[in-house]
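Below: one structure, written as structure tokens.
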Amino acid sequence: MVERDVAAPIGAEQLLRELGIELPSPPTPLGAYVEAVRSGDLVFLSGMLPVVDGKPKFVGRVGGELNLEEGRRAAAIACLNGLSVARAFLGSLDRVSAVAKLGVYIATDGDFREHAKVADGASELLQNIFGTEKLSPRIVLGVASLPLGVPIEVELVVEVRNL
């Protein structure tokens, strides 16, 4: 986690630059849906996959074809795609006042038991960008399969403020 002076709050956009993180272009929807919708102070994002340039970065199940570290990286990539969609929708991640919900769905081989460690790939990224004070509860589920054969799908809901 990046060390910060609590007296001088830093916005998410500046933290991304300090961390050397460049968000990808928002992914294209795979079907008949929108990637983000606002309801009141909440923005609900569609499930995000670990795709890079429109193609799955990882394919397979965690605990089967993929190991725990690959699952963590897939979770981080999916989360970055979600942040990219949020930025495009909001204009700036500095408008995010809190992460209201994080859901991480993990395709596993059925015997895998370290779901929480895989989900930390997304949670730790959000913590580094928004800080622990803006983190949310999360749900982590093991599933049989996900779209495109990817190992991870990340769901985000963020609370927003007007700048």
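The values are calculated or read from the model by the stated rules, or taken from the named source; none is laboratory data. For clarity, every value in this text was computed on a predicted model and none was experimentally measured. Don't worry about glycine lacking a Cβ; one is built from the backbone with ideal geometry, like all the others, and counts go over all protein chains shown.
Couple of notes before you dig in:
- Test: residue in the range 66-77 that is among the β-branched types (V, I, T) and part of a helix (DSSP H, G or I): yes
- Restricting attention to the range 47-56 and to residues that are part of a loop (DSSP other than H, G, I, E, B) and in contact (Cβ under 8 Å) with a residue 60 or more places away in the chain, the residue that is surrounded by the most Cβ atoms within 10 Å (Cβ to Cβ) turns out to be P50.
- Residue check for V43: more than 23 Å from A116 (Cβ to Cβ), modelled with pLDDT of 95 or more and exposed (fewer than 13 other Cβ atoms within 10 Å of the Cβ): no
- Considering the range 120-163, and only residues there that are modelled with pLDDT of 95 or more and hydroxyl-bearing (S, T, Y), the residue that is nearest to G31 (Cα to Cα) turns out to be S145.
- Candidate set from the range 100-157 (those that are in contact (Cβ under 8 Å) with a residue 40 or more places away in the chain and in contact with a Ser or Thr (Cβ under 6 Å, 6 or more places away or on another chain)); member that is farthest from G11 (Cα to Cα): A107
- Matching entry among V157, V140 (being touching a His at 6+ places or on another chain (Cβ under 7 Å), assigned to a strand (DSSP E or B) and surrounded by fewer than 20 Cβ atoms within 10 Å (Cβ to Cβ)): V140
- Scan the range 1-35 for residues that are modelled with pLDDT of 90 or more and surrounded by 10 or more Cβ atoms within 10 Å (Cβ to Cβ) and the total you get is 17.
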